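Worksheet: the structure to be examined is printed underneath.
Each reported figure results from applying straightforward, stated rules to the coordinates on display, with no laboratory input. Predicted model only: the values in this text are computed from it and were never measured. As a convention, Cβ positions derive from the backbone with ideal geometry for all residues, glycine included, and neighbour counts pool all protein chains shown.
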């Protein structure tokens, strides 16, 4: 029995994994949102079963529920039930959302990276690292929160690394800030998430997360290599 | 006064009455069908047309599923795919969903409310033709390979002329706006008709719930469409003439488009859902065998839903960079929408629980609705939670959610309605086995297609990508979704086959086969063009009487208007709230005028599309002329005074009362127009406050003198129009005042055009100038329409169509000119104040 549960659990988790999966978080923000999802999923399953169960009962068991007055049906189902469900959910989501914001942090300044989308590629600039730039590869240090300042050179794009955090739009004429943190070194996948024309499907990028002590050197190497490649 | 009017003869027998009324109301054969104005004819036509576009849109949807079934598919290239998915969404929303719910409203509402037709049959026809022509333009663009390709919400700058230089985006902006003319005109007609044209005695609080839903839906349309129409006009002007409203480099803001689009787009979801809820609230009580539970609660719920739906558009924009606390407000609002929805769901459950439910085919589809709508509602609450939306936004999770609440919650009640009302149209019942199989195919196929998309989205698949490489772990889910979509399509095909079989081989049904209590079943099957041989009276207990029982008495002419008179197409107007008869409405005969007007409109739209602006101007003049001509043919050339309408009641014709349908229609027009104006003000303020690249110390110098002159001239026009009304009421000469008003309006137009010439900064270089021109244009157009009103007044005065008792025309003009003056003052004040406002906020890059 336990083995069966473990197997099915593993199968479920395998079904949730993938390079772009929001359910296989690799950072605090994605983790928080995934938790919110699992909570809401559980609630939704219960509510769905409740309403469909009631539908089945009132149709196939004539007279079932007729002892509850019509007004009570409406008040309980239409006001009380949504109230019980929604108020805590809204409060929880509000707090969860506040915690994900790129607010100034205590003590140390959060490093910044500028991300600029264009049809159909991404350029990343690192003001704290001598202003070097990389194309379609974003270099981050593990365990360090980073603020990504996202903008666009032409049409609207969206910056999204599903395993790390939610997305933010890249709007021409504006700069939007998103806080991202990767817990472990490794490679993560990012993509444009706002329809931007012919190349939308292939407007992807890679996030390389280095150990903090290797970060500066790795970034400098990559930027230099890219610069050399251009020449 | 009514001496020459034929008196109603003795109660005729049913057959004789049928022949007389049929001769008066019938649409002619052959080519004369193009002149049809009858709601049954047009409602059916519109329904069939919308199903044709459903089929085309469905095929487009299938093409996307073929493309996405496997990774790296070469079935379509990116360019083709972009056109296909854009047109799938645009067609399903604008060419299928909205016209389909409107066609249901057009066909059923007069019958359910116990009246013979809608208030403006020629407008119904014009709306239908605009829909058909606009939809045809869009479809042809698809065949020509130049269909819109920027996604159905047309986000700019992608849809601007820089990034979409071809004709594609213009097709969308002009074609969809053309179709929206039809949606808006029908919405106004529905509001006026529901309020003024019901069976006598049907007060608002005992109107069948269907009427409430349709009324609220139509009111929502009147307020929802103008922001999108304004947005489309501004974007088209930016594309065609280079006036920046959305270009961030020149002081515009692409987010303004998103605000305007979703101000329409979100209410639109409820505009589609509410008529389907109307269907459910109508048929669930029939199958529960008892009246609907919680009638008042439902009315409150749908009104609340209508208001809420206008306050939550920002939940489509959670990722554009709006501050989180502002998002929280819209998030809570979006979640609270669940309350009025839950009220309806539980009222339906309570109705079933307190009745004795019987199971029949429509109930199977009601089950389908409950299943998909509850699921879609729950994912809707999830998406309303801001952090979750940051992940799920613009992924297949949203595609899944949206298809559950819009496609599923539309398709299942629609098919329930089809199987419920088809016996009324065809006089035959369905072939059960086929319809049940069709249901299960649609149901299983639908859920297989769209349920899996939730997971595809959570695994990170963005919407609108034309392909993927195969390592993303999306392969199986996409393949299964595609298989599901084919199963669903087979189900829909089976529904079509079922309909054909039903038409040929279905058993004939008796009158009122479902034992319903609404009036559409109290008429001959299939319905005649006059709908009711005589109009029912709603007295105590009528709403609980099976409709079939009163049908015979109505057919014998024992209700109101149970006799033919003067060859008039007569129906009754009632007091809006109490339902007491207060006027005899005489409707126009079939005419080709709507067709010609719609053709001229199509020419204007095509001319704008191909940038043949002189042709567009000529076509616009022709359209204006045709509208004035249509006005000349309305009403009566003499006073009648109260006329007997049966059951001992006498009421004056609609030409001689204050609360005539045209008066209410103009109020609806002004509400829509006022929403457009408010959207324009909102846009101007929005750009001033939020757009990038605004200068600090510009000193544009709009001519105060010209502005003052324009305002003064508008005021003179409004006053002169009042005086012309007063003169007419006192049987004095009104021509002089009308001419004075015309001169004043012409003067104001000249002053405004002069101002436009002097707008700085050059409207092509900065949004500050562009918004000023837009505001001035708004006033010019309204003054111009005011001139048309005055021309029509002069003509009708000369033709004897107005009199001291027939004042409606002049009252319409007065109202229009008052409105023009008020909006003109506001617009000009803003134009004058903008430069000062700009220096208040200072420069920003």
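Annotations
- In the stretch B:422-437, residue nearest to the other protein chains (Cβ to nearest Cβ) [restricted to those that are assigned to a helix (DSSP H, G or I) and buried (at least 22 other Cβ atoms within 10 Å of the Cβ)]: B:435
- Residue B:585, sole failed condition from (1) part of a helix (DSSP H, G or I); (2) touching a strand residue (DSSP E or B) at 6+ places or on another chain (Cβ under 7 Å): (1)
- Scanning the stretch B:629-662 for residues that are surrounded by 18 or more Cβ atoms within 10 Å (Cβ to Cβ) and assigned to a helix (DSSP H, G or I) returns B:630, B:631, B:654, B:655, B:656, B:661, B:662.
- Checked against the criterion of being under 13 Å from residue B:466 (Cβ atoms) and surrounded by fewer than 18 Cβ atoms within 10 Å (Cβ to Cβ), the candidates B:72, B:82 yield just one match: B:72.
- Checking each residue in the stretch B:238-253 for being in contact with a helix residue (DSSP H, G or I) (Cβ under 8 Å, 6 or more places away or on another chain) and part of a loop (DSSP other than H, G, I, E, B) picks out B:243, B:244, B:245, B:246, B:247, B:251, B:252, B:253.
Residues checked against (1) within 22 Å of residue B:230 (Cβ to Cβ); (2) free of Cβ contacts under 8 Å to residues at least 40 places away in the same chain:
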{"position": "B:735", "(1), (2)": "no, no"}
{"position": "B:747", "(1), (2)": "no, yes"}
{"position": "B:756", "(1), (2)": "yes, yes"}
{"position": "B:768", "(1), (2)": "yes, no"}
{"position": "B:798", "(1), (2)": "no, yes"}
{"position": "B:801", "(1), (2)": "no, no"}
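- Selected residue (criterion: farthest from residue A:100 (Cα to Cα)) from residues of the stretch A:159-181 that are assigned to a strand (DSSP E or B) and touching a residue at least 40 places away in the same chain (Cβ under 8 Å): A:170
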